[in-house]
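A.B. asks: Just passing along the structure, written as structure tokens.
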Amino acid sequence: MKKALLAISVIVNLVYLINVLVDLGIRLSNVMNVILGSIFVISILGAIYFLVKSRQNSGYHPYLSLTVLTLSIASFAWLAFINYLSLIMSV
């Protein structure tokens, strides 16, 4: 179950980052920005939770949790930066 949640989180983060970096021209509404921000924060918290629990399991490799954590932090930081920039510029 946790691998499925982490895999879905990786996919959401990668789709968002590819959308931003390649500039596909997809404009997100304010509601979608709030939803994505919530997903990124939940992904960060979930990855941290799974990382802490992975220390108890001796055979578990935390690579997927670390991937989700770094992608979620990057996605959330980019989303916050773009929203801050649009707030300053009043776009």
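The values are calculated or read from the model by the stated rules, or taken from the named source; none is laboratory data. Quick caveat, the model's predicted, so the values are computed rather than measured. Virtual Cβ from ideal backbone geometry, glycine too; neighbours counted across all protein chains shown.
A.B. asks: For the range 76-83, does any single residue satisfy the condition of being surrounded by 17 or more Cβ atoms within 10 Å (Cβ to Cβ), assigned to a helix (DSSP H, G or I) and within 15 Å of the chain's Cα centre (by Cα)? It would help to see each step written out before you state the result.
C.D. replies: First, the residues of the range 76-83 that are surrounded by 17 or more Cβ atoms within 10 Å (Cβ to Cβ): 76, 79.
Then keep just the ones that are assigned to a helix (DSSP H, G or I); that gives 76, 79.
Now restrict to residues that are within 15 Å of the chain's Cα centre (by Cα): 76, 79.
Among the residues of the range 76-83, at least one is surrounded by 17 or more Cβ atoms within 10 Å (Cβ to Cβ), assigned to a helix (DSSP H, G or I) and within 15 Å of the chain's Cα centre (by Cα), which makes the answer yes.
A.B. asks: Give all pairs with beta carbons closer than 6 Å in which a residue from the range 45-59 that is surrounded by 10 or more Cβ atoms within 10 Å (Cβ to Cβ) meets a residue that is of a type in the set (S, T, N, Q) and part of a helix (DSSP H, G or I); count only pairs at least 6 apart in sequence or on separate chains.
C.D. replies: From residues that are surrounded by 10 or more Cβ atoms within 10 Å (Cβ to Cβ), the pairs are ALA47/SER65; PHE50/SER65; LEU51/SER65.
A.B. asks: Please go through the range 16-33 and pick out each residue that is surrounded by 13 or more Cβ atoms within 10 Å (Cβ to Cβ) and free of Cβ contacts under 8 Å to residues at least 40 places away in the same chain.
C.D. replies: ASN19, LEU28
A.B. asks: Taking the range 65-90, which residues are in contact (Cβ under 8 Å) with a residue 40 or more places away in the chain and polar (S, T, N, Q)?
C.D. replies: SER65, THR67, SER72, SER75, ASN83
A.B. asks: Identify, please: which residue in the range 10-38 is at pLDDT below 85 and of a type in the set (Val, Ile, Thr) and is, among those, farthest from the chain's Cα centre (by Cα)?
C.D. replies: Step by step, filter the range 10-38, then rank; the result is ILE26.
A.B. asks: Follow-up question, since we're still on this one. How many residues, within the range 16-47, are over 21 Å from PRO62 (Cβ atoms), polar (S, T, N, Q) and assigned to a helix (DSSP H, G or I)?
C.D. replies: 4
A.B. asks: For residues in the range 39-71 being among the polar types (S, T, N, Q) and modelled with pLDDT of 90 or more, which is farthest from TYR16 (Cα to Cα)?
C.D. replies: Looking at residues that are among the polar types (S, T, N, Q) and modelled with pLDDT of 90 or more, I get SER65.
A.B. asks: Now a separate question. Here are the criteria: (1) closer than 25 Å to ILE35 by Cβ; (2) out of contact with any Leu (no Cβ under 7 Å at 6 or more places or on another chain). Tell me which single one LEU64 does not satisfy.
C.D. replies: Failed condition: (2).
A.B. asks: Looking at this structure, is ASN13 among the polar types (S, T, N, Q) and in a loop (DSSP other than H, G, I, E, B)?
C.D. replies: No.
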